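Here is the structure we will look at.
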Amino acid sequence: METSNSNRNLKKKKFLGLIFVTGIVRNPKLEFYWSMRGIFQTPIFPQTMSRNRFQLIQRYLHFSDNNATGTNEDHLYKIRTILEIVVNNLRTNYIPYREISLDEGMLGWRSHLQFRVSNPGKITKYGILVRMVCESSTGCICNLQIYYGMLCYLFKE
C-alpha cells in the first residue's frame, strides 16, 4: 500500500514537473512535446512519461474533494487549496529586487464560466483575468490574484 502511494506521488511530481517545463519550452501544441521531429523534439517529455499517461492525468487530476461543496461566495473553491499553496510559495520563496510592476494577464477560456471576462480589443478575447505583481527585470511573479467578480474583493483578508 505504501509503495502504491509513493508511486502515485512520484507520478504527480513528474506531471507537475512537465507542466513547469511547458512554461519554459514553448511549442504550438501540447502533443508536439512528444514529437520526434527535430524542430519540436523535447527529449525530457517521452523520457519522463508517455503522452497518453500525461493526458490522462491532466484530464482527471483534482485538487478538491468532490463531496465537499463550496459556498456561493467562493467560485474558486475547487482550486482554492492549491492556489493558496502556489501564492504562498510565490510570496515567501522569491524576493523581488527593486523594480516591480502590477500587471494583468488573461488565461484564455472559452467554455462556460461564471466569472469569465470578455475584452474584445485584445488578442485573447475571453478568459480568466489574473492580476499579478511581477519583478520588472526578470518577469518573475511575486504575487497573484484571480479575478472572479466584485465579490472577490469583499471576501479577501
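Quick note on segment 2-60: its Rg to Rh ratio, both from C-alpha atoms and Rh being the Kirkwood radius, is 1.00. Taking other Cβ atoms within 10 Å as a rough exposure proxy, Tyr148, Tyr126, Tyr94, Tyr60 sort from fewest to most as Tyr60, Tyr94, Tyr126, Tyr148. On full extension, the segment bounded by Leu56 and Arg131 gains 24.0 nm, given 0.36 nm per residue less the C-alpha separation.
Taken as Cα centroids, segment 96-126 and segment 13-31 sit 21 Å apart, rounded to the nearest whole angstrom. Ellipsoid fit via the Cα gyration tensor, segment 73-133: semi-axes of 25, 18, 7 Å, each the root of five times an eigenvalue, largest first. Its alpha carbons give the chain an Rg and a Dmax of 18.1, 54 Å.
About its Cα centre, how strong a charge dipole does the chain have in debye, to the nearest 20, once Lys and Arg get +1 and Asp and Glu get -1 at the Cβ?
Taking the Cα centre of the chain as origin, the dipole is about 700 debye.
Please go through segment 34-132 and write out the GluC sites (Glu not before Pro) that DSSP classes as loop and that have at most 14 other C-beta atoms within 10 Å.
Hits after loop and neighbour filter: Glu73, Glu99.
All of the numbers you see were taken from the coordinates with simple rules; none came from a lab. These figures come from a predicted structure and were not determined experimentally. Reconstructed Cβ throughout: ideal geometry from the backbone, glycine too, with neighbour counts over all protein chains shown.
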